[in-house]
């Protein structure tokens, strides 16, 4: 085999290795790891939260939120939960001033 053919094969092997590493990194970031499992659990659990539930019921279903924010246009708070890196919105549970659920956003 000539040196040119060996160089071409080495180049193709190097490209294949780089592509494999890139695909592995993408898989790890988007489809595995504890964050992905937590996001999947939050997404599933958010469908169990219903309008009218109290804050204690929400926390027993969803667990502690990633953060809590004041509602923008109305009194109350919003609990924000981690969702998939591929989701366009976060999972959020809006609570009124009486600490009852007034809206659930599933993070699609």
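Taken together, the values in this text are just the output of simple stated rules run on the coordinates, not laboratory data. Owing to the predicted nature of the structure, the values given are computational and were not obtained by experimental measurement. All Cβ positions, even for glycine, are placed from backbone atoms using ideal geometry, and neighbour counts span all protein chains on display.
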Being outside any helix (DSSP H, G or I) and over 22 Å from the mean Cα position of the chain (by Cα) is the filter; apply it to segment 43-63 and report the residue that is surrounded by the most Cβ atoms within 10 Å (Cβ to Cβ).
53
Of all residues in segment 58-104, count the ones that are free of Cβ contacts under 8 Å to residues at least 40 places away in the same chain, closer than 23 Å to residue 35 by Cα and out of contact with any helix residue (DSSP H, G or I) (no Cβ under 6 Å at 6 or more places or on another chain).
17
What are the residues in segment 81-98 that are touching a strand residue (DSSP E or B) at 6+ places or on another chain (Cβ under 6 Å) and either within 11 Å of residue 46 (Cβ to Cβ) or loosely packed, with under 13 Cβ neighbours inside 10 Å (or both), if any?
81, 83, 90, 91, 92, 93
Out of curiosity, is residue 78 touching a strand residue (DSSP E or B) at 6+ places or on another chain (Cβ under 9 Å) and either farther than 16 Å from residue 103 by Cα or part of a strand (DSSP E or B) (or both)?
yes
